[in-house]
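Enquirer: Shown below is the structure under consideration.
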Amino acid sequence: MTSATLSIDLGALVRNWQSLDALSACETGAVVKANGYGLGAPVVGRALVRAGVRSFFVATAEEGNTLRGAIGQGPAIYVFSGHMAGDTNAIREAALTPLLNSVDQMLRHVEALPGAPFGIQLDSGMNRLGMEPAEWSAVRDIAIAQGPILIMSHLACADEPDHPMNARQLAEFRAMTDGLDIPRSLAATGGTILGPDYHFDMTRPGIGLYGGLPFADATPVVTLDLPVIQVRDVLQGESVGYGNTWIAPRDSRVATVSGGYADGLIRAMGPKATLYAGDTPCPVVGRVSMDLITADVTTLGHDPAELQLMGRHQSVDTVAEAAGTIGYEILTSLGMRYQRSLLA
Ligand SMILES: *Cc1c(COP(=O)(O)O)cnc(C)c1O
């Protein structure tokens with residue numbers, strides 16, 4: 001078999017949710033956008049429902065529709081992009097709760113689906129999504145009269161606890177919402193860790209559930225094992241891979257594994273990445289190609305059957321660092337060719 005194996009530990013996912021839930025006194029939701037950060041929103045969603053999650057968050061109505069099919073009626077599914085033109089059927093049929101981002105979206109929602117639930121997204125300084133303070137103060141009374149079930153905003157710098165933006169956004173969010181008798185949510189994973197001032201009535205972690213930073217105490221969820229297709233001797237002075245970027249500094253043994261940038265193993269990680277044979281690190285040599293990666297296994301003393309990229313020795317964030325990116329991008333880039341195996 002030449003497909004790499006991506007193991008997804010749903011038990012670890014549930015434990016991460018429970019650990020984040022234990023940090024706050026309020027409800028803890030779960031963000032499962034981008035197909036559950038690449039791990040599969042249906043399986044992730046079902047595991048979290050069994051663990052007691054009652055509120056899910058997705059980016060688009062299409063994602064919400066898919067999730068509803070997997071988890072059934074009951075839990076709320078909030079949609080960050082709100083109510084876009086063309087979303088009405090999905091919102092009604094999948095019983096989604098759009099987080100309305102503008103007056104235009106509010107008009108669209110109350111006209112198309114009068115009485116249907118909605119929340120409101122406010123912009124507290126990130127300048128990405130949500131109503132701005134001036135817009136909000138103009139429509140606030142009308143909006144409140146329509147009965148929003150959640151008011152939320154999003155922090156730009158929550159993964160940097162000392163960043164002054166955190167307190168600034170907290171003050172802005174409070175100024176926009178204090179005194180309203182409506183549940184509020186400000187914190188994703190980073191904000192949940194910042195502490196109780198940021199929790200309000202609901203936290204909505206994403207990356208921490210999947211084992212990524214800034215939740216440093218997370219249990220790893222993903223293991224990725226790449227089967228070795230071929231092992232060869234490379235003499236000192238010979239090159240390996242595209243562009244001859246690696247020249248063997250000594251006589252070497254080089255393994256070629258199945259998996260490459262088409263599988264989300266970002267090409268830029270090449271020079272800094274390491275694969276593991278059990279506990280032994282085997283540096284990646286040469287360029288990452290579309291379907292293949294080459295690694296130096298000389299010190300092993302035997303030819304391995306597979307090499308591990310993510311697991312016991314390397315987290316999604318270690319791999320991200322080698323590629324000059326963040327764990328979020330590594331997870332959401334994981335490709336479709338893996339043999340996916342679920343651990344309970
Ligand atoms: C993605 C997202 C989250 C989850 O963020 P994490 O950093 O993955 O915990 C929460 N809220 C909003 C608005 C988001 O876009």
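The values are calculated or read from the model by the stated rules, or taken from the named source; none is laboratory data. Because the structure is predicted, anything quoted here is derived from the model rather than measured. Quick reminder, even Gly has a Cβ in these numbers, built from the backbone with ideal geometry, and neighbours come from all protein chains shown. In case anyone asks, the SASA skips ligands and DNA or RNA and just uses the protein heavy atoms, side chains included. Shrake-Rupley method; radii C 1.70, N 1.55, O 1.52, S 1.80 Å.
Enquirer: List the number of the failed condition for residue 257; all other conditions in (1) crowded, with 24+ Cβ neighbours inside 10 Å; (2) over 20 Å from the mean Cα position of the chain (by Cα); (3) within 16 Å of the ligand (Cβ to nearest atom) hold.
Expert: Just one mismatch for residue 257, condition (3).
Enquirer: Restricting the search to the range 46-60, which residues are within 15 Å of the ligand (Cβ to nearest atom) and without any contact (Cβ under 8 Å) to a residue 60 or more places away in the chain?
Expert: Within the range 46-60, 53, 56, 58, 59, 60 meet the criteria.
Enquirer: Given the structure, is residue 115 at positive phi, assigned to a loop (DSSP other than H, G, I, E, B) and open to solvent by less than 70 Å² (accessible area, probe 1.4 Å)?
Expert: Here the answer is no, as residue 115 does not meet what is asked.
Enquirer: Can I ask one more? Being within 11 Å of the ligand (Cβ to nearest atom), in a loop (DSSP other than H, G, I, E, B) and open to solvent by 70 Å² or more (accessible area, probe 1.4 Å) is true for just one of 155, 213. Which residue is that?
Expert: 213
Enquirer: Let me ask another. Being touching an Asp or Glu at 6+ places or on another chain (Cβ under 8 Å), aliphatic (A, V, I, L, M) and either open to solvent by 40 Å² or more (accessible area, probe 1.4 Å) or part of a strand (DSSP E or B) (or both), is that true of even one residue in the range 318-327?
Expert: Yes, the range 318-327 contains at least one residue that is touching an Asp or Glu at 6+ places or on another chain (Cβ under 8 Å), aliphatic (A, V, I, L, M) and either open to solvent by 40 Å² or more (accessible area, probe 1.4 Å) or part of a strand (DSSP E or B) (or both).
Enquirer: Let me ask something else about it. Pick out the one residue from 226, 275, 180 that is in a loop (DSSP other than H, G, I, E, B), more than 13 Å from the ligand (Cβ to nearest atom) and touching a strand residue (DSSP E or B) at 6+ places or on another chain (Cβ under 9 Å).
Expert: On inspection, the qualifying residue turns out to be 180.
Enquirer: If you don't mind, another one. Going through the range 48-90 one residue at a time, which ones are charged (D, E, K, R) and either over 23 Å from residue 120 (Cβ atoms) or surrounded by 20 or more Cβ atoms within 10 Å (Cβ to Cβ) (or both)?
Expert: If the condition is that a residue be charged (D, E, K, R) and either over 23 Å from residue 120 (Cβ atoms) or surrounded by 20 or more Cβ atoms within 10 Å (Cβ to Cβ) (or both), then 50, 63, 68, 87 are the ones that fit.
Enquirer: Are there any pairs with C-beta distances below 7 angstrom linking a residue in the range 294-320 that is in contact (Cβ under 8 Å) with a residue 24 or more places away in the chain to a residue that is among the aromatic types (Phe, Trp, Tyr) and open to solvent by 30 Å² or more (accessible area, probe 1.4 Å), with the two at least 6 apart or on different chains, and if so which?
Expert: If the second residue must be among the aromatic types (Phe, Trp, Tyr) and open to solvent by 30 Å² or more (accessible area, probe 1.4 Å), the pairs left are 307/276; 308/276; 313/276; 314/276.
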